[in-house]
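See below for the structure under consideration.
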Amino acid sequence: MVHADTVRRPGKVFADMVITNIGQLLTMNPGKGPKRGAEARDLGIIENAFLAASQGKVAACGPQAAFSETVELVAGATVIDAGGKVVAPGFIDCHTHVVFAGWRGEEYGMRSRGASYLEIAAKGGGIMSTVRATRAASREELIERTLGFLDEMLSLGTTSCEGKSGYGLNLETEIKQLEVIRECSRLHPVDIVPTFMGAHAFPPEFKHDRKGYIDEVIRMLEPVSRLKLARFADVFCDVGNFTVEESRLILEEARKHGFELKLHADELENTGATELACELGAVSCDHLIKVSQRGIEMLAESDTITVLLPATSCFLGEFPGAPGRRLIDSGAAVAIATDFNPGTCTAMSMPLVMTLACSVLGFSPEEAFVAATWNAGWAAGLGGIAGGFAQGLAMDAVIFDTQDYLDVPYRFGTNLVHTVIKAGKPVRSKNNK
Ligand code: NIG
Ligand code: FE
């Protein structure tokens, strides 16, 4: 096992929260940026370890034998004895569409009987069906639903996520979605990093006026930015949605308004969207089921994080999905996420996504862990803040009910999450839901 550097300081470190007797502590060996190649397989495991925090941030970690000489507990400190279990950073789900109303089970039935995603969308289903439901829903209804989804995520070990608008497609509802994100992030232990995705589809009002809707999306950027409702802007660049040139126009305007960029790229067909994301220096480029060789090479050479969503490709019946192994071997910095939404992925489980990354996309379990934590943090705008354990990083941790980290992807379908700690506070545990 690799042993991560123990955090050592002269004198003792004060801690108000500690986990002791950890069988395997997965530190992720956090460095200065997202990991690639051999580094992206290094979990920085410390066996028989402790993890100590102060004011919501990691204060120290190291071998249990060094605990008493390293840590001074403050009065009233929380101490959890992990009893030999595995402890890892909380998952960061770096691509979700978590705010929406309604479900689309009937479309799943249609797809299972042979209809395609694009055929259903062309008949007014798909994204547009969720747009109608989300426009009709009150802010309070959306808040209640989203808090419920965040509860489920937390129970599965997710401590932060990214969340997109894009089921409004008009200023009023896009803002409603983004305000729901802000409110839920405030109310719930799971933080949500907000993304404006007015360019998710063309609404019926603009069915015959593409240029009109693109101008409308560009007009929405100003209020969304002024109200500080989103950090990222994202576009669904694909057949049936926004072309590469339309996406470029929207993203260049978004950048002028201070947004960082993301792109839904090469999901349904190859359109050259990945190349666009790299050219624009997007923070992440997501999906990539149909990415070209040139796209893979450009990702490998760029700082853009490759976000793969294997639950979406499996749910759509697209096998094997994105060329995960080739992307990793080419040197791209790869993250994984759920893509939670009512159309193409109803799962919120990052352990499930890890299993699919390993079984279908060719990741090793170690690569899947790094992609779901440290690298996902860089895709979600939490790079160097969360997703690993080293002094100063967020004390967002999961205790798994197992002695071996391999069980997390291996025991798929079983939720092994025992306790979740967010910002140094136990927020979920098996005995105390
Ligand atoms: O990531 N690709 C675009 N958006 C979603 C699907 C949204 C929907 O079908 O409601 C996705 O797959
Ligand atoms: Fe998506």
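The values are calculated or read from the model by the stated rules, or taken from the named source; none is laboratory data. Computed from a predicted structure; not experimentally measured. Positions of Cβ are backbone-derived with ideal geometry, glycine not excepted, and every protein chain shown enters the neighbour counts.
Got a number for residues in the stretch 322-339 being within 16 Å of ligand 2 (Cβ to nearest atom) and in contact with an Asp or Glu (Cβ under 7 Å, 6 or more places away or on another chain)? Explain how you work it out, then say what you get.
Of the stretch 322-339, the ones within 16 Å of ligand 2 (Cβ to nearest atom) are 322, 335-339.
So of that shortlist, the ones also in contact with an Asp or Glu (Cβ under 7 Å, 6 or more places away or on another chain) come out as 337-338.
Qualifying residue count, the stretch 322-339: 2.
Table: residues versus (1) of a type in the set (Val, Ile, Thr); (2) surrounded by 24 or more Cβ atoms within 10 Å (Cβ to Cβ); (3) under 25 Å from residue 349 (Cα atoms).
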| residue | (1), (2), (3) |
| --- | --- |
| 165 | no, yes, yes |
| 172 | no, no, no |
| 180 | yes, yes, yes |
| 185 | no, no, yes |
| 203 | no, no, no |
| 207 | no, no, no |
| 221 | no, no, no |
| 231 | no, no, yes |
| 243 | yes, no, no |
Among (1) assigned by TED's automatic domain parsing to the domain that holds residue 156; (2) under 15 Å from residue 21 (Cβ atoms) - the single one residue 64 does not satisfy: (1)
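Go through the residues of the stretch 75-89 one by one and say whether even a single one is under 30 Å from residue 344 (Cβ atoms), in a loop (DSSP other than H, G, I, E, B) and either touching a helix residue (DSSP H, G or I) at 6+ places or on another chain (Cβ under 6 Å) or among the small types (Gly, Ala, Ser) (or both).
no
Residues to consider are 363, 412, 369, 400; find the one that is more than 19 Å from residue 153 (Cβ to Cβ) and modelled with pLDDT of 95 or more.
On the way: 412 fails: more than 19 Å from residue 153 (Cβ to Cβ); 369 fails: more than 19 Å from residue 153 (Cβ to Cβ); 400 fails: more than 19 Å from residue 153 (Cβ to Cβ).
Exactly one residue qualifies, and that residue is 363.
Quick test for you: out of 168, 198, 163, pick the one residue that is in contact with a Leu (Cβ under 7 Å, 6 or more places away or on another chain) and within 16 Å of ligand 2 (Cβ to nearest atom). Step through it out loud before you land on a result.
On the way: 168 fails: in contact with a Leu (Cβ under 7 Å, 6 or more places away or on another chain); 163 fails: in contact with a Leu (Cβ under 7 Å, 6 or more places away or on another chain).
None of the other options fit; the residue is 198.
Can you tell me which residue among 70, 96, 130, 158 is hydroxyl-bearing (Ser, Thr, Tyr), more than 16 Å from ligand 1 (Cβ to nearest atom), assigned by TED's automatic domain parsing to the domain that holds residue 192 and surrounded by 15 or more Cβ atoms within 10 Å (Cβ to Cβ)? Walk me through it before giving the result.
On the way: 70 fails: assigned by TED's automatic domain parsing to the domain that holds residue 192; 96 fails: more than 16 Å from ligand 1 (Cβ to nearest atom); 130 fails: more than 16 Å from ligand 1 (Cβ to nearest atom).
Just one listed residue meets the conditions, 158.
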Residue match in the stretch 289-306 (condition: free of Cβ contacts under 8 Å to residues at least 40 places away in the same chain and closer than 22 Å to residue 165 by Cα): yes
The stretch 318-343: number of residues that are part of a helix (DSSP H, G or I) and crowded, with 24+ Cβ neighbours inside 10 Å: 2
Pick from the stretch 31-74, criterion in a loop (DSSP other than H, G, I, E, B) and either out of contact with any helix residue (DSSP H, G or I) (no Cβ under 6 Å at 6 or more places or on another chain) or free of Cβ contacts under 8 Å to residues at least 60 places away in the same chain (or both), ranking: nearest to residue 14 (Cα to Cα): 55
Counted residues, the stretch 138-171 - those being acidic (Asp, Glu), touching a residue at least 12 places away in the same chain (Cβ under 8 Å) and in a helix (DSSP H, G or I): 3
Selection count, the stretch 81-105, where residues are away from ligand 2 (no atom under 14 Å from the Cβ), over 13 Å from residue 400 (Cα atoms) and touching a residue at least 12 places away in the same chain (Cβ under 8 Å): 5
Those residues of the stretch 344-353 which are more than 9 Å from ligand 2 (Cβ to nearest atom) and either assigned to a loop (DSSP other than H, G, I, E, B) or touching a His at 6+ places or on another chain (Cβ under 9 Å) (or both), in sequence order: 346, 347, 348, 349
Per-region count, the stretch 17-30, residues surrounded by fewer than 23 Cβ atoms within 10 Å (Cβ to Cβ) and either in a loop (DSSP other than H, G, I, E, B) or touching a Gly at 6+ places or on another chain (Cβ under 7 Å) (or both): 3
Unmet requirement for residue 315, which otherwise passes all of (1) surrounded by fewer than 24 Cβ atoms within 10 Å (Cβ to Cβ); (2) away from ligand 2 (no atom under 16 Å from the Cβ): (2)
Residues being assigned to a loop (DSSP other than H, G, I, E, B) and over 19 Å from residue 303 (Cα atoms) - total across the stretch 368-397: 8
